[in-house]
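Colleague: The following block contains the structure, expressed as structure tokens.
We did not get these values from a lab; they are worked out from the coordinates using the rules stated. What you are looking at is a predicted structure, and each value in this text was computed from that prediction instead of being measured. Using ideal geometry, Cβ is built from the backbone for each residue, glycine included, and neighbour counts are taken over all protein chains shown.
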Amino acid sequence: MKNIVLIGFMGTGKTSTGKILATKLGCAFMDLDQKIEAEHQMSIPEMFRQHGENFFRQCERQMVEKVSARRNTVISTGGGTVKDPENTKLLKSQGIMVCLTASVEAILERTGKRGKRPVLDGKDEGDRRKAIEDLLEERRSVYAQADCTVDTTDKSPLQVVDDIIRQLRVRGIVHA
Ligand code: S3P
């Protein structure tokens, strides 16, 4: 089976959905951010603080190179992974890309916990909403490169997984 690559904005549930999807399909699961954190023995917010975003993006690229060589794997990316066209190319070469989306309201609620999302942290409520709206607009065209899209607003992770599997069946990627 081709890899199934989950892309989308922060707070759209790529990690939680990816884990359940992999279990349901009986294949491996890899989360890019978790792999980067394990390899560097450092959380991503800490990496941003100590080394800056450019360093993180270099680590992200190296990890994309490693995981995109795999097969039969559900890969959850970070919200900014596909900003880099080379990452998109690598991930697409062995995989089908599924974009998860959510309303600004849902993203705001799901990413409310401070200290986890360095791209959004340091902004108060109003600024945070504006930052989300601006980033969503900026990234609209990169998320549109996905092969299919699933809206996760008001859905449980299990419902999202069922929606993804339905879309993959239509495309002949899974037969279960
Ligand atoms: C980022 C999203 C994060 C993480 C990093 C940068 C982004 O991943 O990769 O903080 O630029 O959108 P999640 O989408 O899993 O939060």
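Colleague: So which pairs qualify, if the first residue must be in the stretch 128-139 and aliphatic (A, V, I, L, M), the second must be more than 13 Å from the ligand (Cβ to nearest atom), the Cβ gap must be under 6 Å, and the two must be at least 6 apart or on different chains?
Modeller: Qualifying pairs under 6 Å: Ala131/Lys123; Ile132/Val104.
Colleague: Run down Leu21, Leu6, Leu25 and say which single residue is in contact with a strand residue (DSSP E or B) (Cβ under 6 Å, 6 or more places away or on another chain) and farther than 16 Å from Lys83 by Cα.
Modeller: Within the list Leu21, Leu6, Leu25, the selection yields Leu21.
Colleague: Which one of these is over 19 Å from Ile7 (Cβ atoms), loosely packed, with under 14 Cβ neighbours inside 10 Å, in contact (Cβ under 8 Å) with a residue 12 or more places away in the chain and more than 10 Å from the ligand (Cβ to nearest atom): Gly122, Gly115?
Modeller: Gly115
Colleague: Something else now. Taking into account only those residues within the stretch 67-104 that are in a strand (DSSP E or B) and within 11 Å of the ligand (Cβ to nearest atom), which is surrounded by the fewest Cβ atoms within 10 Å (Cβ to Cβ)?
Modeller: The selected residue is Leu100.
Colleague: Next up: Filtering the stretch 25-34 down to residues that are of a type outside the set (A, V, I, L, M, F, W, C) and within 11 Å of the ligand (Cβ to nearest atom), which residue is surrounded by the fewest Cβ atoms within 10 Å (Cβ to Cβ)?
Modeller: Checking each candidate, the answer is Gln34.
Colleague: Hey, another quick one. Filtering the stretch 11-24 down to residues that are surrounded by fewer than 19 Cβ atoms within 10 Å (Cβ to Cβ) and of a type outside the set (Val, Ile, Thr), which residue is nearest to the ligand (Cβ to nearest atom)?
Modeller: Only one residue tops the list, namely Ser16.
Colleague: Can you confirm whether Leu6 is in contact (Cβ under 8 Å) with a residue 40 or more places away in the chain, more than 10 Å from the ligand (Cβ to nearest atom) and surrounded by 19 or more Cβ atoms within 10 Å (Cβ to Cβ)?
Modeller: no
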